[in-house]
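The structure under discussion appears below in the form of structure tokens.
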Amino acid sequence: MNVCVDASLVVKWLVPEEGSEQALRLYKKWCNEDMGFMAPALLEYEIGSVLRQKIVRGLLQSEDLFPIFDFYGRLNILMIHVVNLMPQAVAAAASLNQSAIYDTSYLLTARQQNIDFVTADKRFYKAAHGIFSFVKFYQDLV
């Protein structure tokens, strides 16, 4: 079985922050269930941007990135390229009143793969879950 994960959840697996303990419990549970992870390819850029911002704010040091990226590589997240994603993502973002298309890209990937999309972004979850029941909030699954 597979699940689509977004940067908000994966970052909680990679660096300690609010909600990381619960996120890691969910990750371990999924590993015990042989769950596979999928995401649109933009995941890597989002994670890189978040980690860079944490360095700029002094929350991480550059040398912290080596073990972080080592663990990230072992997550074996399958990157999916959804054909014609951009127009669909823009339309989905408009229908959910989102200013950016990143989150809807994960949603559309999950929909295409017919799997759940799990996020740690509560605001997006609240906007999407009522319309797309396959959008799940990570804390509800622990």
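Every read-out reported here was derived from the displayed coordinates using simple, explicitly stated rules and does not represent laboratory data. Here the structure is a predicted model, which is why all the values come from computation and not from measurement. Please note: Cβ atoms are built from the backbone with ideal geometry, for glycine as well, and neighbour counts cover all protein chains shown.
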Legend entry - Residue-averaged [θ]222 nm for the chain, counting only DSSP H segments that reach four residues, each worth -39500 (n - 2.57): -16000 deg cm²/dmol
Inset, instruction - For the stretch 90-142 and the stretch 24-62, write down the distance between their C-alpha centroids in whole Å. - result: 17
Legend entry - Number of Lys pairs (Cα under 22 Å; 8 or more positions apart or on different chains) in the chain: 13
Legend entry - Debye log10 I(q)/I(0) for the stretch 37-120, one point scatterer per Cα, at q = 0.21, 0.22, 0.24, 0.26 Å⁻¹: -1.02, -1.06, -1.15, -1.24
Legend entry - Given charges at beta-carbon only (K, R positive; D, E negative), |dipole| of the chain in Debye: 260
Legend entry - Using alpha-carbon coordinates, inclination of helix 42-56 to the longest axis of the chain, degrees: 40
Inset, instruction - Quick one: plug the Kirkwood hydrodynamic radius of the chain (C-alpha pairs) into Stokes-Einstein at 10 °C, 1.306 mPa s, and report D in µm²/s. - result: 103
Inset, instruction - Return the single residue from 118, 56, 11 with maximal mean-square fluctuation; model: Gaussian network over the chain, springs between Cα atoms under 10 Å. - result: 56
Inset, instruction - Kindly provide the trypsin sites (Lys or Arg not before Pro) of the stretch 1-85 that DSSP labels as loop, not H, G, I, E or B, and whose Cβ sees at most 11 other Cβ atoms within 10 Å. - result: 57
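With the contact rule set at Cα under 8 Å and sequence spacing of 6 or more, what percent relative contact order holds for the stretch 2-140? Don't jump to the answer; show the numbers that get you there.
On the way: 162 pairs, mean separation 46.0, N = 139.
Once normalised by length, the contact order is 33 percent.
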Inset, instruction - Restrict the search to the stretch 1-30; then list the GluC sites (Glu not before Pro) that DSSP places in a loop and that have at most 15 other Cβ atoms within 10 Å of their Cβ. - result: 17, 18
